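Read the structure below first, then the notes.
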Amino acid sequence: MSLTFRWFLPTNGDSRHVVGGGHGAPASPAGGDRPPTVAYLSQIARAAENLGFTGALTPTGAWCEDAWLTTAMVSQASERLKFLVAFRPGFVSPTLAAQMASTFQRQTGGRLLLNVVTGGESHEQRAYGDFLDKDARYRRTGEFLGIVRELWEGKTVSLDGEHLSVQDAALARVPDPVPQVYFGGSSPAALEVAARHADVYLTWGEPPAQVEAKIVRLRSLAVREGRGLRFGIRLHVITRDTAEQAWAEADRLLDGFDPETVRAVQAGLARSESEGQRRMLALHGGTRDGLEIHPNLWAGIGLVRGGAGTALVGSHDDVAERIREYHALGVEEFVLSGYPHLEEAYWFGEGVLPRLAAQGLWRHPAGVRREVPAAQVPFAN
């Protein structure tokens with residue numbers, strides 16, 4: 001089971017400081033340090049591709065640029081990199097979404113992956129004209145994905161569902177290949193949808209014991225549906241030549257968190273309806289104490305950012321060891337990010353990936369070999 005690594009396109013802006021936003025957290029001014037222009041995002045995409053990342057996640061929401069449009073433009077500056085496009089089913093018809101995905105596949109040579117985001121914040125959903133409650137949104141997502149998958153199979157679809165209705169829907173051209181569907185969420189309703197429709201279940205970076213419990217639960221639900229699932233994890237990363245250097249960088253980021261900003265962000269996140277966000281908040285409790293919640297797993301990012309709030313912090317060997325730990329639980333895909341995203345892609349790509357390659361856990365998709373210096377080979381005598 002070879003590991004797959006994806007990076008992140010910061011379509012809400014980038015900085016040498018943590019850029020906040022999402023799930024009720026206000027957007028932070030740091031995002032203006034490096035605006036999310038097509039030129040800058042293309043620079044990150046090319047770096048990620050050259051380093052051996054096989055894809056890049058883009059977020060969705062009012063706090064960032066539109067993921068479909070942005071990735072369509074950035075795709076023209078890269079050759080192999082796939083784009084894990086986050087989108088919300090309630091904002092577009094299933095037939096149109098299936099058509100958009102099909103077009104994206106043809107125009108990029110099959111480089112689309114879909115991250116389905118049901119939406120955990122009712123106030124933001126209402127701003128887009130969606131007035132369903134959370135559980136109803138998940139039921140609608142199930143209907144949506146059922147329609148889309150049948151359209152991708154070349155079927156003509158008619159459905160008069162609880163939330164969605166289509167009549168004689170069909171695609172003139174089906175996507176080739178069919179995009180892989182990624183899905184997250186920690187509530188019972190989310191797990192049911194993931195088991196029935198997802199190809200990859202994507203969890204935020206919780207300690208290994210909590211991740212393992214999710215994997216066990218999802219596998220059981222998927223078996224009940226007669227399906228299999230792959231598993232991925234969403235984490236930030238701070239990796240350096242030594243652990244001291246990595247933790248010094250984490251401390252630098254933490255020193256940039258204004259206490260009033262932390263209070264405002266935590267107050268906003270506390271109102272979130274997302275079960276995943278609640279679990280993130282529980283990892284740090286809104287304080288700066290005890291932020292290393294598992295060896296090399298740091299919850300500091302979540303003090304000022306909604307969504308994924310944990311980072312792997314340590315030497316390249318430390319981070320590689322934590323990746324092996326998650327891998328042993330069944331995690332195959334790692335969706336990573338770091339501030340700033342251009343520089344941190346190089347730290348990880350040149351520091352950690354060669355170590356994993358030396359251990360037979362990863363291979364550069366283009367066959368590029370980067371050797372770990374002899375003095376740094378893991379477990380060398």
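Before moving on, here are some points about what is shown:
- Among the residues of the range 219-241, those that are of a type outside the set (Asp, Glu) and open to solvent by 50 Å² or more (accessible area, probe 1.4 Å) comprise Arg219, Ser220, Val223, Arg224, Gly226, Arg227, Gly228, Arg230.
- Tally of residues being assigned to a helix (DSSP H, G or I) and touching a strand residue (DSSP E or B) at 6+ places or on another chain (Cβ under 6 Å) across the range 46-67: 2
- Of all residues in the range 51-72, those satisfying the criterion of being at pLDDT 95 or above, open to solvent by 10 Å² or more (accessible area, probe 1.4 Å) and closer than 27 Å to Gly161 by Cβ are Asp66, Trp68.
- Against the test of being polar (S, T, N, Q), closer than 24 Å to Arg278 by Cβ and open to solvent by 50 Å² or more (accessible area, probe 1.4 Å), the options Gln210, Gln245 yield a single qualifying residue, Gln210.
- For the range 323-339, the criterion of being at pLDDT 95 or above, within 18 Å of Arg240 (Cβ to Cβ), among the basic types (Lys, Arg) and not in a loop (DSSP other than H, G, I, E, B) is satisfied by no residue at all.
- The requirement of being assigned to a strand (DSSP E or B), among the basic types (Lys, Arg) and within 20 Å of Gly109 (Cα to Cα) is fulfilled somewhere in the range 6-28, by at least one residue.
- Residue pairs whose Cβ atoms lie under 8 Å apart, separated by 6 or more positions or on different chains, with the first residue in the range 315-327 and open to solvent by less than 50 Å² (accessible area, probe 1.4 Å) and the second modelled with pLDDT under 95, are His316/Gln376; Ala320/Pro378; His327/Met1.
- The residue that is nearest to the chain's Cα centre (by Cα), counting only those in the range 147-198 that are open to solvent by 50 Å² or more (accessible area, probe 1.4 Å) and polar (S, T, N, Q), is Gln180.
- When each of Arg288, Arg263, Arg240 is tested for being without any contact (Cβ under 8 Å) to a residue 24 or more places away in the chain and among the charged types (D, E, K, R), the lone residue that passes is Arg263.
- Set Ala48, Ala39, Ala30: member being buried (at least 18 other Cβ atoms within 10 Å of the Cβ) and modelled with pLDDT of 95 or more: Ala48
- For the range 284-314, taking the residues that are farther than 25 Å from Asn12 by Cβ and modelled with pLDDT under 95, the one that is surrounded by the most Cβ atoms within 10 Å (Cβ to Cβ) is identified as Gly285.
- Residue satisfying all of: in the range 123-146; open to solvent by less than 30 Å² (accessible area, probe 1.4 Å) and farther than 13 Å from Arg88 by Cβ; modelled with the lowest pLDDT among these: Ala136
- When His23 is tested against the conditions (1) over 21 Å from Thr203 (Cα atoms); (2) crowded, with 19+ Cβ neighbours inside 10 Å; (3) touching a residue at least 40 places away in the same chain (Cβ under 8 Å), the lone failure is (1).
- Residues within the range 73-92 that are open to solvent by less than 60 Å² (accessible area, probe 1.4 Å) and either more than 20 Å from the chain's Cα centre (by Cα) or among the charged types (D, E, K, R) (or both), tallied: 3
- Residue selected from the range 105-122 under the condition assigned to a helix (DSSP H, G or I) and touching a residue at least 60 places away in the same chain (Cβ under 8 Å), by the criterion surrounded by the most Cβ atoms within 10 Å (Cβ to Cβ): Gln105
- Positions within the range 328-360 being within 25 Å of Ser15 (Cα to Cα) and either open to solvent by 10 Å² or more (accessible area, probe 1.4 Å) or free of Cβ contacts under 8 Å to residues at least 24 places away in the same chain (or both), in sequence order: Tyr339, Leu342, Glu343, Tyr346, Trp347, Glu350
For every residue, the table says whether it meets (1) more than 22 Å from Asp317 (Cβ to Cβ); (2) acidic (Asp, Glu); (3) under 21 Å from the mean Cα position of the chain (by Cα).
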site	(1), (2), (3)
Leu229	yes, no, yes
Leu235	no, no, yes
Thr239	no, no, yes
Asp255	yes, yes, no
Glu260	yes, yes, no
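The values are calculated or read from the model by the stated rules, or taken from the named source; none is laboratory data. Given the structure is predicted, the values throughout are model-derived calculations rather than measurements. Every residue, glycine as well, gets a Cβ built from its backbone with ideal geometry; the counts of neighbours run over all protein chains shown. These area figures cover heavy atoms from the full protein model, side chains too; ligands, DNA and RNA do not enter into them. Shrake-Rupley method; radii C 1.70, N 1.55, O 1.52, S 1.80 Å.
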